[in-house]
1. List pairs: first residue in segment 48-59 and in contact (Cβ under 8 Å) with a residue 60 or more places away in the chain, second residue in a loop (DSSP other than H, G, I, E, B) anywhere in the structure, Cβ distance under 9 angstrom, at least six positions apart or on different chains.
2. Going by what's in this entry, would residue 264 be described as part of a helix (DSSP H, G or I) and either over 26 Å from residue 10 (Cα atoms) or out of contact with any helix residue (DSSP H, G or I) (no Cβ under 8 Å at 6 or more places or on another chain) (or both)?
3. Out of (1) in a loop (DSSP other than H, G, I, E, B); (2) over 24 Å from residue 124 (Cβ atoms); (3) at pLDDT 95 or above, the odd one out for residue 247 is which?
4. Would you check if residue 241 is within 30 Å of residue 81 (Cβ to Cβ), modelled with pLDDT under 95 and either over 13 Å from the mean Cα position of the chain (by Cα) or not in a loop (DSSP other than H, G, I, E, B) (or both)?
5. Can you tell me how many residues within segment 79-98 are farther than 18 Å from residue 200 by Cα and without any contact (Cβ under 8 Å) to a residue 40 or more places away in the chain?
6. Only one residue in 17, 41, 47 is buried (at least 16 other Cβ atoms within 10 Å of the Cβ) and within 21 Å of residue 97 (Cα to Cα), so which one is that?
7. For segment 235-253, name all the residues that are over 14 Å from residue 148 (Cβ atoms) and surrounded by 13 or more Cβ atoms within 10 Å (Cβ to Cβ).
């Protein structure tokens, strides 16, 4: 059993998917199915790193933010109405989170070496968080498809960028998103996503991609392409199509863009 639980595929994929599926099935009726991603990510953290936050490194900051994001999402969903201003404020918060995570690392580098990755991390975080909240949060199928493609793309790209642990965290995000999407495809009914889901996905995924860029070898332009995955998932699908077909098409759009990011990371790594 210990050998099974120490397998990276189980730690980053199978166990997080199982946890996400249970949460999506049990809490979906209470508009909390979006916590599937948080459950999946927390499961991966438990197996891979544990919940020790001292010293507070960049990776531990990402874990802390990944655990806090769904809490903020619940507050946003149940206490406020979705507005454009709200999505802008969340985008600014995403940018601030990236600055908080990576500033101590970037401050040790020359300005020329720190400016491009730092700007990429901050702007990509603001874009992914803001766009997903404004354009995807109200559509549980599209946002789940976006999370699936973004998490998988981030995970594979991070591995190509010589960051296996970040890769496993990205795959965990994809597993939780896939569980949330699968629950809807099986029942044929849409769930509620909202900020609970979008923040759980976007905050973790884009910060993981940025960490693989700043702390490992993922090229900055792969992060830029990954930031476009939510845009791809928002492309038109047949309005009258069955839910499962809409899910497949939206996921396919996202995977095409995520695949480009992974190909760029592969090429950059030789």
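1. Qualifying pairs under 9 Å: 58/215; 59/49; 59/215.
2. Numbers: part of a helix (DSSP H, G or I): yes; either over 26 Å from residue 10 (Cα atoms) or out of contact with any helix residue (DSSP H, G or I) (no Cβ under 8 Å at 6 or more places or on another chain) (or both): yes.
In short, yes.
3. (1)
4. Details: within 30 Å of residue 81 (Cβ to Cβ): yes; modelled with pLDDT under 95: yes; either over 13 Å from the mean Cα position of the chain (by Cα) or not in a loop (DSSP other than H, G, I, E, B) (or both): yes.
For residue 241, the condition - within 30 Å of residue 81 (Cβ to Cβ), modelled with pLDDT under 95 and either over 13 Å from the mean Cα position of the chain (by Cα) or not in a loop (DSSP other than H, G, I, E, B) (or both) - is met.
5. Kept after step one, since they are farther than 18 Å from residue 200 by Cα, are these residues of segment 79-98: 81, 83-85.
Then drop every residue that is not without any contact (Cβ under 8 Å) to a residue 40 or more places away in the chain, which leaves 81, 83, 85.
Count: 3.
6. Numbers: 17 fails: within 21 Å of residue 97 (Cα to Cα); 47 fails: within 21 Å of residue 97 (Cα to Cα).
From the options 17, 41, 47, the qualifying one is 41.
7. Going through segment 235-253, the residues over 14 Å from residue 148 (Cβ atoms) turn out to be 235-243, 245.
Residues satisfying the conditions are 235, 237, 243, 245.
The values are calculated or read from the model by the stated rules, or taken from the named source; none is laboratory data. Just so you know, these numbers come straight off a predicted model, no measurement behind them. Please note: Cβ atoms are built from the backbone with ideal geometry, for glycine as well, and neighbour counts cover all protein chains shown.
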